[in-house]
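> I'd like to ask you about the structure that follows.
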Amino acid sequence: MHQKKQSVGILGATGMVGQRFIQLLEHHPWFEITWLAASDRSSGKLYGDAVNWKLSTPLPANIARMPVSPATPEGAPRIIFAALDTNIALDMEPRFAAAGCAVITNSSAFRMAPDVPLVIPEVNAAQLSLIDQQSWHRDSGGYIVTNPNCCAVGLVIALKPLADAFGLESIFVATMQAISGAGYPGVASMDILGNVVPFIKNEEEKLEAETLKLLGTTVSGVVQPLNAKITAHCNRVPVENGHTECVSVKFRRKASREEILSAWQHFHPLRDQALPSAPPQPIEFAPEENRPQPRLDVDRGHGMTTTIGRLRPCSLLDWKFTLLSHNTVRGAAGAALLNAELLAAQGKLVPSRLLPLQPESTASVTQSR
């Protein structure tokens, strides 16, 4: 079908996740960036003058010429991708939702709110029904939808087919998280080079709580977390991109190696939805004994695929394996973008009660569903 590209804006556009949004949206068939906002010190400047561009692809020329707007809903498009620090998001995201905007956010501010969907499209799309409970949605049509913590995404994608097939009783996970997860300038070089930092503030608590919410079920408008035990150790390591995680699981029903591999191989719940950012295979198994590795595997599926390897019996629980996920693509901007695509495919992306904000683009695009 033919439809106009939807105008989208980015809150926190100069940060690392904001930059990744710009990179991923440059040639997007459904969305067009028409508005950028950042801190007060950037407002009024051209984006190219305000940003310290750190990605390997060039800053798009049209984006470099775009002015940075004040971070207020006035003049903003109806669809907002947010890449804000939590303390800023707590105040700013509700203001945009109250003004009638769809806020698709990477922030952790509202992930555990009972009426806010915390979504991985392959895992728990049903949580999007929580939008209807939000006061912003009732009053203006606006809403907030979140994606998980960067280390929760790969873990939950790996666990979902196992939970469905065998049930999960206990989960142990130890992460080795890339420095890009700390933003820019992030971790000082003297602290991370040749070193491992065995503490990331609030990360273990987020990983544990979000995993259980993501794998839970929605009953009568309430998310009931997965009834399982989980413990996490989170570490920062001197790797640029890619979170590696060592996982052990105990199942409720016995599973063979062949059954586990089959569950991963046949996990492609978005295959028929033609979402532009969805990888053809969300899980790829690497059979080599020393894989996955960030340097070799992080960009599989354009950074949207979770790579798993080293599946073997666990003498403490049942089975153990290693996974790798791109933390700023699948774990941040790409996760939010896929959420927006899922909402668009369901006809839920544009708020139902439209306030007089910025009009849609007139560009035409062929959209396949």
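> Six or more apart or on different chains, Cβ atoms under 8 Å: show the pairs whose first residue is in the range 298-312 and more than 15 Å from A332 (Cβ to Cβ) and whose second is open to solvent by 10 Å² or more (accessible area, probe 1.4 Å) and part of a helix (DSSP H, G or I).
T307/R300; L311/R257; L311/L261
> Considering every residue within the range 311-325, establish whether at least one is among the small types (G, A, S), within 30 Å of E26 (Cα to Cα), open to solvent by less than 60 Å² (accessible area, probe 1.4 Å) and assigned to a strand (DSSP E or B).
The first filter runs over the range 311-325 and keeps only residues among the small types (G, A, S), leaving 315, 325.
The next check asks that each one be within 30 Å of E26 (Cα to Cα); those that pass are 325.
Next, from what is left, pick out any that are open to solvent by less than 60 Å² (accessible area, probe 1.4 Å): 325.
In the following step, the residues that additionally are assigned to a strand (DSSP E or B) were identified as 325.
For the range 311-325, residues among the small types (G, A, S), within 30 Å of E26 (Cα to Cα), open to solvent by less than 60 Å² (accessible area, probe 1.4 Å) and assigned to a strand (DSSP E or B): present.
> Which one of these does A286 not meet: (1) open to solvent by less than 20 Å² (accessible area, probe 1.4 Å); (2) among the small types (G, A, S); (3) touching a residue at least 24 places away in the same chain (Cβ under 8 Å)?
Failing condition for A286: (3).
> Quickly run through the range 89-112 and pick out the residues that are in contact with a strand residue (DSSP E or B) (Cβ under 9 Å, 6 or more places away or on another chain) and open to solvent by 20 Å² or more (accessible area, probe 1.4 Å). Can you show your working first?
Let us first name the residues in the range 89-112 that are in contact with a strand residue (DSSP E or B) (Cβ under 9 Å, 6 or more places away or on another chain), namely 89, 92-94, 96-97, 101-112.
Those that are in contact with a strand residue (DSSP E or B) (Cβ under 9 Å, 6 or more places away or on another chain) and open to solvent by 20 Å² or more (accessible area, probe 1.4 Å): M92, P94, N106, S108, A109, F110, M112.
> Quick one: in the range 15-58, which of the residues that are under 18 Å from P73 (Cα atoms), hydroxyl-bearing (S, T, Y) and touching a helix residue (DSSP H, G or I) at 6+ places or on another chain (Cβ under 9 Å) is least open to solvent (accessible area, probe 1.4 Å)?
Looking at the filtered set, the residue picked out is S42.
> Could you figure out which of (1) part of a strand (DSSP E or B); (2) under 22 Å from L55 (Cβ atoms); (3) in contact with a Gly (Cβ under 8 Å, 6 or more places away or on another chain) isn't true of V223?
(2)
> Follow-up. How many of the residues in the range 239-268 are open to solvent by less than 50 Å² (accessible area, probe 1.4 Å), of a type in the set (D, E, K, R) and over 28 Å from G186 (Cβ atoms)?
Adding up the residues that qualify gives 0.
> Within the set of pairs 6+ apart or on separate chains, which have a first residue in the range 176-193 that is farther than 18 Å from L207 by Cβ, a second that is in a helix (DSSP H, G or I) and of a type in the set (S, T, Y), and C-beta atoms under 9 Å apart?
G186/S180
> So, one more: Could you figure out which of (1) outside any strand (DSSP E or B); (2) touching a residue at least 40 places away in the same chain (Cβ under 8 Å); (3) among the charged types (D, E, K, R) isn't true of E245?
(1)
> Further question on the same structure: Could you grab the pairs with beta carbons closer than 7 Å, sequence gap of 6+ or different chains, first residue in the range 98-123 and among the charged types (D, E, K, R), second one part of a loop (DSSP other than H, G, I, E, B) and buried (at least 24 other Cβ atoms within 10 Å of the Cβ)?
R111/P148; E122/P282
> OK, next. Identify the single condition in (1) out of contact with any strand residue (DSSP E or B) (no Cβ under 9 Å at 6 or more places or on another chain); (2) open to solvent by less than 20 Å² (accessible area, probe 1.4 Å) that G331 does not satisfy, given that it satisfies every other one.
In the conditions (1) out of contact with any strand residue (DSSP E or B) (no Cβ under 9 Å at 6 or more places or on another chain); (2) open to solvent by less than 20 Å² (accessible area, probe 1.4 Å), G331 misses (1) alone.
> For the range 269-281, state whether one or more residues are crowded, with 16+ Cβ neighbours inside 10 Å, in a loop (DSSP other than H, G, I, E, B) and in contact with a strand residue (DSSP E or B) (Cβ under 7 Å, 6 or more places away or on another chain).
Within the range 269-281 (the criterion being crowded, with 16+ Cβ neighbours inside 10 Å, in a loop (DSSP other than H, G, I, E, B) and in contact with a strand residue (DSSP E or B) (Cβ under 7 Å, 6 or more places away or on another chain)), the answer is no, since none of the residues qualifies.
> When the range 227-236 is examined, which residues are found to be farther than 18 Å from T306 by Cβ and open to solvent by less than 70 Å² (accessible area, probe 1.4 Å)?
The first filter runs over the range 227-236 and keeps only residues farther than 18 Å from T306 by Cβ, leaving 227-229, 231, 233, 235-236.
Within the range 227-236, A228, T231, N235, R236 qualify.
> Looking only at the range 182-208, count how many residues are open to solvent by 40 Å² or more (accessible area, probe 1.4 Å), within 14 Å of N149 (Cα to Cα) and of a type in the set (G, A, S).
Result for the range 182-208: 1.
The values are calculated or read from the model by the stated rules, or taken from the named source; none is laboratory data. In this text, all values refer to a predicted model and were calculated from it rather than measured experimentally. Note: ideal-geometry Cβ built from the backbone for every residue, glycine included; neighbour counts use all protein chains shown. For accessibility, only protein heavy atoms count, side chains too; no ligands or nucleic acids. Shrake-Rupley method; radii C 1.70, N 1.55, O 1.52, S 1.80 Å.
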